[in-house]
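A quick write-up on the structure given underneath.
Nothing in this text is a laboratory measurement; each read-out follows from the coordinates by a stated rule. Please read all numbers here as calculations on a predicted model, not as lab measurements. Note: ideal-geometry Cβ built from the backbone for every residue, glycine included; neighbour counts use all protein chains shown.
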Amino acid sequence: MTQLILASSSPYRRELLQRLGLPFHAEAPDIDEARLEGEAPEAMVRRLARAKAAALTQRHGDALIIGSDQCAVLEGTVLGKPGGFEAARAQLRLASGRCVVFHTGLCVLDSATGQDHTEDIRFKVHFRELDDARISAYLRRERPYHCAGSFRSEGLGIALFRRLEGGDPTALVGLPLIRLVSMLARAGVEVLA
């Protein structure tokens, strides 16, 4: 079987990929993740997902390398990882009663041939009306300061939502498994073989 590499240091992406039951190795790529001037969110996540996978090709010359990147967008504004309480509270105040669109770039790169398949998978999160007391209580309990959009949907963050809209709930966590299974099959790796 072809060696499978996850180009990520994210424990969430590692946990998701483990669900498929395939042997893989995770390795952090070293790339600049800054958004380019004027770059659309969907173009950015596709570019970064591919760049993460490509960053590992020198060390892994015959592997399928999976890269993924995600951003949250609220009415045209990209919401990054807040890093702390105040920034997270500001993001959740903005999201209150609104819809945030998550773009997840996913790339499967064959390092032997240089061929890749890269896509942008979208998922919408419709937030409840949130007051400061609920936001603060959530942030004190979950501390999602390393998560785009300031929440963890696989945890208590689910209490912030009115409705979820999308074809793959794992896209919201950062690695769209439904799409990944199809991309791996196209590259010759059958999950259920």
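Tell me which residues come under 5 Å, amide H to amide H, from GLY174 once H is placed; ignore anything under 5 positions away on its chain.
Answer set, sorted by chain and number: none.
Applying the Karplus parametrisation 6.51 cos²θ - 1.76 cosθ + 1.60 with θ = phi - 60° to the phi angles of segment 115-123, what ³J(HN,Hα) value in whole Hz is obtained for each residue in order, glycine and proline being reported as x?
Listing the rounded values in order: 7, 9, 10, 10, 9, 10, 10, 9, 8 Hz.
Calculate the dipole size of the chain relative to its Cα centre from +1 charges on Lys and Arg beta carbons and -1 charges on Asp and Glu beta carbons; express the result in debye to the nearest 20. Provide the component values of the computation, followed by the final result.
Values: 25 positive and 24 negative charges, 135 e Å.
The dipole of the chain has a size of about 660 debye.
Taking H placed 1.01 Å from N in the peptide plane, check which residues at least 5 places from SER153 or on another chain put their amide H under 5 Å from its amide H.
Close amide H contacts, sequence-distant or interchain: none at all.
Using θ = phi - 60° and the Karplus curve 6.51 cos²θ - 1.76 cosθ + 1.60, what whole-Hz ³J(HN,Hα) does each residue of segment 64-75 get, with Gly and Pro shown as x?
With the stated coefficients, segment 64-75 comes to 9, 10, 9, x, 8, 8, 9, 9, 10, 10, 10, 6 Hz.
Counting other beta carbons within 10 Å of each Cβ, put HIS146, HIS60 in order, fewest first. The partial results should precede the final answer.
Details: HIS146 12, HIS60 19.
In order of increasing Cβ crowding within 10 Å: HIS146, HIS60.
Run lengths n ≥ 4 of DSSP H only: what is the helix-derived mean residue ellipticity at 222 nm for the chain, with -39500 (n - 2.57) per run over all residues, to the nearest 500? Please list the in-between numbers first.
On the way: 6 runs with 59 residues, N = 193.
The per-residue figure over the chain is -9000 deg cm²/dmol.
Along the charge dipole of the chain, pointing to its positive end and built from +1/-1 on Cβ of Lys, Arg, Asp and Glu, which listed residue (TYR138, ALA193, GLY61) has its Cα farthest out?
Towards the positive end, the residue furthest out is TYR138.
Once amide H atoms are built 1.01 Å from N in the peptide plane, which residues 5 or more positions from ALA63, or in another chain, come under 5 Å H to H?
SER111, ALA112
Taking the DSSP beta bridges in segment 3-186 as the whole, what percent of them are antiparallel, to the nearest 5? List each step's numbers first, then the result.
Details: 28 of 36 bridges.
Counting only bridges with both partners in segment 3-186, antiparallel ones make up about 80 percent.
Provide the packing ranking of 162-171, 47-56, 149-158, i.e. peptides ordered by the mean count of other C-beta atoms within 10 Å per residue, highest first.
Working: 162-171: 15.5, 47-56: 22.4, 149-158: 19.9.
Highest mean packing first, the order is 47-56, 149-158, 162-171.
Note down the relative contact order for the chain as a percent, whole number, built from C-alpha pairs under 8 angstrom at least six residues apart. Display every interim value, and only then the final one.
Working: 394 pairs, mean separation 42.6, N = 193.
In percent, rounded to a whole number, it is 22.
Can you work out the Karplus-derived ³J(HN,Hα) for every residue in segment 11-22? Use 6.51 cos²θ - 1.76 cosθ + 1.60 with θ = phi - 60°, whole Hz, and x for glycine or proline.
The phi angles translate into x, 5, 5, 4, 4, 5, 5, 4, 4, 6, x, 9 Hz.
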